[in-house]
Structure formats: C-alpha cells, structure tokens
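Read through the structure below, which is laid out as structure tokens, and then see the notes.
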Amino acid sequence: MDKLRREVQKLFGIRLTARQMAAFELYEQELTEWNSRFNLTAIRDSDSIRCKHFLDSLSCAVAWKDKPPGRLVDIGTGAGFPGIPLKIIYPGMSLLLVDSVGKKTDFCRHLVDKLELDRVEVVQGRAEDIGRLAIHREQFDWAVARAVATLPILVEYLLPLVRIGGSILAQKGEHGPAEAHTAEKAVHMLGGRLRQLHKIELPSVVEDRYLIIIDKIAATPPQYPRRAGIPSKKPLDLAPV
Ligand code: SAH
C-alpha cells in the first residue's frame, strides 16, 4: 500500500491521507472477497488490483487536477472503476454509478456502505435508458467510462448525460487514437467536440493508455441515445450522415 501512495504522489501529484489509504485497503479486501464468490473482475492479485484498478482509475485525475467535477457519472462501472477510487480522492464530488448487471451494482452498493461514502447513487440499468430519463439527462459535469465499448458506441452512452459545457472522459488502451478518429462523426452528431488525447504511462503496465476527452458544445438531439442495444448493433460511425 505504501507503494500505491508513492505512485499516486509521483504520477498525479496527489497526497493520500491515512483515511484514504484505509479506504483503498478495505476496497481491496472486499473486492478480493466478493471475487472469490461472484467473479467480478479478472484481475485478482494484490499488485494488479493496486496498479491496474486503483492507479489506472486515478489517472482520470490528470484531466482535473484540483478541480474535480461537482457531479460525475460512471457508466459500466463494474466493480466501481473508475468511479469509486475517484470518489475516495475527491470526497466532495457527487457520483452516479451505473451498470446493467445486478451482481456488479450489488457489490458497488455494499462497498459504498462499507466505505461510508456519501453522495453516491448506484443504479442498475443500461446507459441508453438512463440517458433518456429527465432526472439524469444533461445533468452531469463529467461522464467517465473504462473498458465498456468502442468510442463511437461509448459517446452515445456518455454525451447525452452531460450538460452543455461539460465533458466526457473515456479511458482507452493502445487503440485510443484510432478510435478517436472513427468516432469523429458520432461525436459531432451528439453535440461533442474532441478536445484532447492524453497519453498515460503506468508502472508495470506495458500497454499504452489514453484518456480521450470530449467537450459537449451543443445539446444532444432528442433521438439519442437510441433504444437499448441499438448503439452497439449500429454504431453511429457506420450510419449514413
Ligand atoms: N468499468 C469497469 C468494468 C468494465 S467491464 C472496469 O473498468 O473495470 C464493462 C461493464 O460495462 C460491465 O460490467 C457491463 O455490465 C457494463 N455495461 C456494458 N454495456 C452497458 C450499458 N449499455 N449500460 C450499462 N452498463 C453496461
């Protein structure tokens, strides 16, 4: 855990408090325990949890520094990544965690309880449905997602949820730059504009990692997101203009 503290300081310039360190420790314990019963994630050993889950999730901080979003939504959060590690380091932020699979949202609820996190809501549902609900649509400052879908699909999940002037952040692997290119049309159709591709290097992760940041500059047309299942079946990059 000391290593995690040093890496977070070195990579992101953030000094973790004793309370935050304890929260990461408890997170790791609970994840390991639930994994042995429910198979939540493929990454299981301690070092990998710290690096591939915690550090990688925290790399979103590079986009925000000391100005985290007031309201964040994490789509396809799985076992809470990247939303919960970010909430641990930015306790003032309000957070909505969304996943379509009940055993994942059950774990997230359990963890939010255990870690005594406030202003966190966990919803089991599909991004396409959440994005059409007035209580959630265009309500967030930022939307994030890691390892959920390719970018042309992902922007249809995320952009409807953020307000004009807000932004989305997609955590991507080595195909990030190519995906940013194929998503151009979808980004435009949904009211977004590509701001930045930020390369992230993590210790003991060989693959290149990218943060793709897209600003929302116009309202998302009301027909998006399309019905659940359609964005992944017919991504907007393939649709005729
Ligand atoms: N973000 C986590 C989990 C990635 S796995 C991590 O990086 O570890 C992808 C997750 O997205 C799965 O838990 C899956 O249930 C969820 N998911 C995929 N499509 C979704 C959709 N349309 N709406 C909500 N959740 C979705």
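The values are calculated or read from the model by the stated rules, or taken from the named source; none is laboratory data. Because the structure is predicted, anything quoted here is derived from the model rather than measured. Neighbour counts are summed over all protein chains in view; Cβ atoms, including those assigned to glycine, are modelled from backbone coordinates with ideal geometry. Accessible surface is based on the protein model in full, side chains and every heavy atom, while ligands, DNA and RNA are left aside. Shrake-Rupley method; radii C 1.70, N 1.55, O 1.52, S 1.80 Å.
V155 meets all of the listed conditions (1) open to solvent by 10 Å² or more (accessible area, probe 1.4 Å); (2) outside any strand (DSSP E or B) but one, namely (1).
When region 50-61 is examined, which residues are found to be touching a residue at least 40 places away in the same chain (Cβ under 8 Å) and either open to solvent by less than 30 Å² (accessible area, probe 1.4 Å) or under 13 Å from the mean Cα position of the chain (by Cα) (or both)? Selection gives C51, F54, L55, D56, S57, L58, S59, C60, A61.
Taking region 129-142, which residues are buried (at least 20 other Cβ atoms within 10 Å of the Cβ) and within 12 Å of the ligand (Cβ to nearest atom)? Across region 129-142, the qualifying residues are I130, G131. When the helices (runs of 4 or more DSSP H) confined to region 51-114 are screened for residues that are in contact with an Asp or Glu (Cβ under 9 Å, 6 or more places away or on another chain), those reaching at least 3 such residues are found at 83-89, 102-114. Taking the condition within 16 Å of the ligand (Cβ to nearest atom) and of a type in the set (G, A, S), does G92 pass? The answer is no for G92. For region 185-220, the set of residues classified as farther than 21 Å from C60 by Cα, without any contact (Cβ under 8 Å) to a residue 40 or more places away in the chain and either aromatic (F, W, Y) or in contact with a Pro (Cβ under 9 Å, 6 or more places away or on another chain) (or both) consists of G191 only. Set side by side, the residues Q9, Q20 differ, and just one is free of Cβ contacts under 8 Å to residues at least 12 places away in the same chain and either part of a helix (DSSP H, G or I) or in contact with a Ser or Thr (Cβ under 8 Å, 6 or more places away or on another chain) (or both), which is Q9. State the number of residues belonging to region 211-241 that are farther than 25 Å from E138 by Cβ and within 14 Å of the ligand (Cβ to nearest atom). Final tally of qualifying residues: 0. Looking at region 160-180, is at least one residue touching a Leu at 6+ places or on another chain (Cβ under 9 Å), within 14 Å of the ligand (Cβ to nearest atom), within 22 Å of T77 (Cβ to Cβ) and not in a strand (DSSP E or B)? Within region 160-180 (the criterion being touching a Leu at 6+ places or on another chain (Cβ under 9 Å), within 14 Å of the ligand (Cβ to nearest atom), within 22 Å of T77 (Cβ to Cβ) and not in a strand (DSSP E or B)), the answer is yes, since at least one residue qualifies.
For region 23-49, the candidate set comprises residues that are among the β-branched types (V, I, T) and part of a loop (DSSP other than H, G, I, E, B); within that set, the residue that is most open to solvent (accessible area, probe 1.4 Å) is I43.
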